[in-house]
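Enquirer: Have a look at the structure that comes next, please.
The values are calculated or read from the model by the stated rules, or taken from the named source; none is laboratory data. In this text, all values refer to a predicted model and were calculated from it rather than measured experimentally. Glycine also receives a Cβ, built like all others from the backbone with ideal geometry; neighbour counts cover every protein chain displayed. For accessibility, only protein heavy atoms count, side chains too; no ligands or nucleic acids. Shrake-Rupley method; radii C 1.70, N 1.55, O 1.52, S 1.80 Å.
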Amino acid sequence: MNHRFFFPFLTVIILLNAAVGYSENDPMIINSGKAEFNGKEISLSGHVVVEHDLGSLEANQMTLVPEKMNEKIQAKHLSLKEDVNIALKNAGKLSCHLAEIDFSNLTGKFYGGANQEFVAYTEFFADKNGESVPLVVKSREMIMQIAQENDEPNHSTKTSVSNINAEKEVTVNYNNDFMASADQASYQRVKCCDDQDQKNKHLAGLITLRANEEHGVCQITNRNGDMITSDNLCIDTNQRQLFFAYPKGALYTAQNKDVRNRIDFSSDTMTWEDKVNSLTLRENVVIHQNGLGTLVSDKDVKINQETVDGKKQLNTILSSGKTVIRYMEQDKEIAHILTCHGQVCVDNKQLKTTMDSPSAMSGKILRENQVSFQDPMGDIFADKLIIDYINTDNNLKPVKITLEGNVHILNRCSVDAENKSDFIQYAIADSVEYTPQAKEITLKANPNSRVLFLDKVNNLQVSAPALKIRRDETTKKESIQGIGNVRFTFVKKEIEMMSSEFHLDPTQK
C-alpha cells in the first residue's frame, strides 16, 4: 500500500553519495511550493528550484526518483516539465519544455513541447584571446552527456557537461553573426591544457553539424548575407575557425555604398578564419565573379575580407599552383582563358589581377611555366600578366592587359573556336599592353633589344623598338605602325631567334 505525504512550501536538503558525484559537502537543495511522496518518487510543483553540483534547475513540475531512502539518498532520475530552465555549472544555460536526467547513465534528454517548441542551449565562452563569444544552439531534441571529475583538493567528485547532441531542425547562432541550420549537431566541450590559465580552464569546444544522407540540410549564413551549404561543418569556438566539407556557396562584397558584388564558389574543403575574415579553399576550387570570370585551381585559394562600416568587402583572392581563369565576353560569346602555374592575386580594392610565373632551379622561367593567354584569335605567353579593371553597372570590366617578360604572340586570322585556322602572325617582345575597348595592342622592347613581328600571309617582317597594332571592328582589318628605327626585314640573328622560338623559317615565302 502506497502512502502519500504532502509538504506545502517544502525546502528539502538531500545528500547524495559519491556514486553520482555528490558528497556530504555537496548537498542537493530543493525548493518548491508543493511536494508529494508516494514511496517511490517525489513529485514537486509550483516554482521548483533545485541547486546541486550539476547546476541550478527550475521548472513548474519536477519528479525525483530516489534509488533508496535512508540517511543518504541516491538520486536515480529527475524529470522536469514546463518552463524548464537549467543553469549548468562550468557551462551555459538550457531551456526546454521537458527534461529527463538519468544519473545512473549520466545522460540528460531534453524536448520541446506545446509551450516551448525548441530546446535552447546558450553559452558565452572565451576564445583563445580571452574575448567573450556568444553561442546559441536550438533543436527539437537534445541529449546531454554528463561527465564526472575528481576534485582532488576537496576529495570529492564534480559533475559537468561533456557534450551535447542536437536532433531535428537544428540551428546554431554563433558570435551573433553566423546562423547555421542542420539535421544534426554535436557540441563537444573541451578543457584548456594549460593549468595556469584558470580563467579559460573550461572553454567551449567543437560544434559539428551534419546533413542527413538524403535531402539533408547543412548550411550557414551570416549578417553579411553570405550563404554556404556543406555536407558537414565544424566550428572550433576556441580558435574561432569554421571547417567545411564540400562547401558550395556565395559571398557578397560591398563595392561601394550602393553596389554589392556576388562571388560564387565551391571546393572539397574550406577553412573560415572568423577572427581575421579569411577563407581558405582547398582542392578542386571553383570561384566565379562577374567581370573576373571563373577561376579554377588545383591547390589552395585564399579569400581575404575586411569589414568597413559594418559591411564586408573583398580584399584579395590569392591562388597558388595551377590556376585557370576563364572570362567570357557575353556579347560576342568569345572565351578568353588565362593559365598560371605560380601565384595569382586578384586585388579587389585596387581592381587589379596579377599573375606571376614560377622560376626553375636555375632562376629562369621555362616556357611551359609561363602565364598564357588564349582565345580563338591566338595564344600569348609571358612571365607576368596584369589586368586592370573598372567597375561599371555593378560589373567588372578589363580596361588594360599588360604582359611582361619574354612575351611571345601567335595569332590566327579566324575567331571561329570550332574551326581554328593555323597561326599566321608571330611576335616577340619584352612587354605588351592591350586595351580591349580601343582594340589596340602595343609591343615594346627593352633598350638594346627589338620587337620582332612576322606575318606569313602578307610576307611581312617588322623589326622595331616598338610596334602598335590596331584592329578595325568594322572591316576586321589590322593596321601596323612601327615606332622608332623600323626595319622591314630581319637580320640573321633575328631569323635565328624567330626560328628557335616558333619552329619556323621566316625566310620561306
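Enquirer: So which GluC sites (Glu not before Pro) in the stretch 420-509 are both in a DSSP loop and have at most 13 other Cβ atoms within 10 Å of their Cβ?
Expert: Working: sites: 433, 440, 473, 478, 494, 496, 501; in loops: 473.
Taking the stretch 420-509 and a limit of 13 other Cβ atoms within 10 Å, the loop GluC sites (Glu not before Pro) found are 473.
Enquirer: Sticking with this structure for a sec: Report, largest value first, the span of the C-alpha coordinates of the stretch 457-509 along each principal axis, in whole Å.
Expert: 36, 24, 17
Enquirer: Here is a follow-up. Which whole-percent values make up P(r) of the stretch 255-370 when all C-alpha to C-alpha distances are grouped in 10 Å steps starting at zero?
Expert: Calculated P(r), rounded to whole percents: 13, 41, 33, 12, 2.
Enquirer: If you filter the stretch 358-397 for trypsin sites (Lys or Arg not before Pro), then keep DSSP loop positions with at most 16 other Cβ within 10 Å, what is left?
Expert: Working: sites: 364, 367, 384; in loops: 364.
Passing sites in the stretch 358-397 are 364.
Enquirer: Kirkwood hydrodynamic radius for the stretch 313-391: how many Å is it when counted over pairs of different Cα atoms? Could you put the intermediate results ahead of the total?
Expert: Details: mean 1/r = 0.0745 Å⁻¹.
Computed over Cα pairs of the stretch 313-391, the Kirkwood hydrodynamic radius comes out at 13.4 Å.
Enquirer: Compute the Cα gyration tensor for the stretch 288-353, then decide on rounded, prolate or oblate, letting a ≥ b ≥ c be the square roots of its eigenvalues: rounded whenever a/c is under 1.5, prolate when a/b is larger than b/c in the other cases, and oblate in all that remain.
Expert: oblate
Enquirer: How much of residue 457 can a 1.4 Å solvent probe reach, expressed as accessible area in Å² and rounded to 10?
Expert: It works out to around 100 Å².
Enquirer: Something else about it: What would the Debye formula give as log10 I(q)/I(0) at q = 0.24, 0.28 Å⁻¹ for the alpha-carbon point model of the stretch 268-323, no solvent?
Expert: Calculated log10 I(q)/I(0) at the listed q: -0.98, -1.16.
Enquirer: Could you sort 362, 449 by their accessible area in this structure, using a 1.4 Å probe and putting the largest first?
Expert: Details: 362 90, 449 50 Å².
Accessible-area ranking of 362, 449, largest first: 362, 449.
Enquirer: Going through the stretch 223-331, which GluC sites (Glu not before Pro) have at most 16 other Cβ atoms within 10 Å and a DSSP loop state?
Expert: 283
Enquirer: Return one quarter of the surface area of the convex hull spanned by the alpha-carbon atoms of the stretch 339-484, equal to its mean projected area, in nm². Working shown, then result.
Expert: Numbers: hull surface 42.6 nm².
With every direction weighted equally, the projected area is 10.7 nm².
Enquirer: Under 17 Å from a label point 7 Å along Cα→Cβ of residue 273: give me every residue in the stretch 292-336 with its amide N that close.
Expert: Counting backbone N atoms under 17 Å from the label point, the list is 300-307, 313-320.
Enquirer: Please go through the residue pairs 322/439; 248/302; 312/384 and name each one whose alpha carbons sit more than 21 Å apart in this structure. Spell out each step's value before the answer.
Expert: Details: 322/439 29 Å; 248/302 15 Å; 312/384 30 Å.
Over 21 Å apart, Cα to Cα: 322/439; 312/384.
Enquirer: Want the number for residue 440 to residue 308: 0.36 nm per residue separation, take away the alpha-carbon distance, what's left? Don't skip to the end; give the middle numbers.
Expert: Working: separation 132, 0.36 × 132 = 47.52 nm, distance 3.79 nm.
Length gained between residue 440 and residue 308: 43.7 nm.
Enquirer: Could you tell me what percent of the accessible area of the stretch 421-509 is made up of carbon and sulfur, with a 1.4 Å probe and every protein chain present? Mind showing how you got there, number by number?
Expert: Numbers: 2630 of 5280 Å².
C and S fraction of accessible area: 50 percent.
Enquirer: Could I ask something else about it? On average, how much accessible surface per residue is there in the stretch 278-329, in Å², for a 1.4 Å probe, leaving out ligands, DNA and RNA?
Expert: On the way: 2240 Å² over 52 residues.
Per residue, the stretch 278-329 has an accessible area of 43 Å².
Enquirer: To continue, here is another question. Give the Cα extents of the stretch 208-294 along the principal axes, in whole Å, largest first.
Expert: If we take the Cα atoms of the stretch 208-294, the spans are 37, 29, 22 Å.
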